[in-house]
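Some notes on the structure that comes next.
The values are calculated or read from the model by the stated rules, or taken from the named source; none is laboratory data. Small disclaimer: the values here were computed from a predicted structure and weren't measured. Ideal geometry is used to build each Cβ from the backbone, glycine not excepted, and the neighbour counts take in all protein chains shown.
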Amino acid sequence: MPRRQNITVFMIIAVSAFLGFIFVSSFRNQAQGTRHPDYVPSYQYQQDVNLDEGLLKGAATAPKLENATLKAELGNASWKLLHTMMAKFPDKPSADDSTALKAYIHLFARLYPCGDCAQHFQKVLEKYPPQVASRSTAAAWACHVHNVVNKRLKKKEFDCSKIGDFYDCGCAEDEADGKKGKGVQKKDAFTPLVLDEKEG
């Protein structure tokens, strides 16, 4: 009788070890960080993002923003965001980087929380499509369209060769004295961009 109990215990241990081995080996081939029981592989929920013209250039979604103070604060913060984004954009962007920035700019214009501002900016984008071939062209384009908006609002226009002095992105250290550098590039390296207006 004791021998039969030993065989039963041995069989339980063997089956448990086998099941444990199967369980552990099922996770062995998965990428690090995907072993959580709630993990769902990306191929099971990934959806293709279709950024067609209708989505990118659809009508502005927000109503008119009546509060002038809020409108000015939103505008200042938005220009800071856009200029800093251009300053951080790669010098030699990949095709995906350029496509992503163009899409972002068009969606930014569409979803901007001031409806009349968004509509105007969409018209500016029609006339001056985003230039995203490099950091320098993106920064120059952003400065140019900022000046188009400033001209419409009867505000002072920027000297685009000095845009980096106004919008400090914290991008670089000045090698000569170790102080924080300003802007997109050194002033001597900035190449002004001449934009072609879209016909029509």
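Taking the stretch 73-101 as the region of interest, how many residues are surrounded by 11 or more Cβ atoms within 10 Å (Cβ to Cβ) and under 27 Å from LYS154 (Cα atoms)?
We begin by selecting, within the stretch 73-101, every residue surrounded by 11 or more Cβ atoms within 10 Å (Cβ to Cβ); these are 73-75, 78-90, 93, 97-101.
Keeping just the survivors that are under 27 Å from LYS154 (Cα atoms) gives 73-75, 78-87.
Residues in the stretch 73-101 being surrounded by 11 or more Cβ atoms within 10 Å (Cβ to Cβ) and under 27 Å from LYS154 (Cα atoms): 13 in total.
Residue pairs, Cβ under 6 Å, 6 or more apart or interchain, first in the stretch 141-152 and touching a residue at least 40 places away in the same chain (Cβ under 8 Å), second hydrophobic (A, V, I, L, M, F, W, C) and not in a helix (DSSP H, G or I). List them.
CYS143/PHE158; HIS144/LEU195
Examine the stretch 120-135 for a residue that is among the hydroxyl-bearing types (Ser, Thr, Tyr), over 19 Å from ARG152 (Cβ atoms) and assigned to a helix (DSSP H, G or I), and state whether such a residue exists. Walk me through how you get there before you give the answer.
Within the stretch 120-135, the subset among the hydroxyl-bearing types (Ser, Thr, Tyr) is 128, 134.
Adding the requirement that they be over 19 Å from ARG152 (Cβ atoms) leaves 134.
Those still in the list that are assigned to a helix (DSSP H, G or I) too: none.
Taking every residue of the stretch 120-135 in turn, none turns out to be among the hydroxyl-bearing types (Ser, Thr, Tyr), over 19 Å from ARG152 (Cβ atoms) and assigned to a helix (DSSP H, G or I).
What single numbered condition from (1) modelled with pLDDT of 60 or more; (2) more than 22 Å from the chain's Cα centre (by Cα) fails to hold for GLY178?
That leaves (1) as the condition not met.
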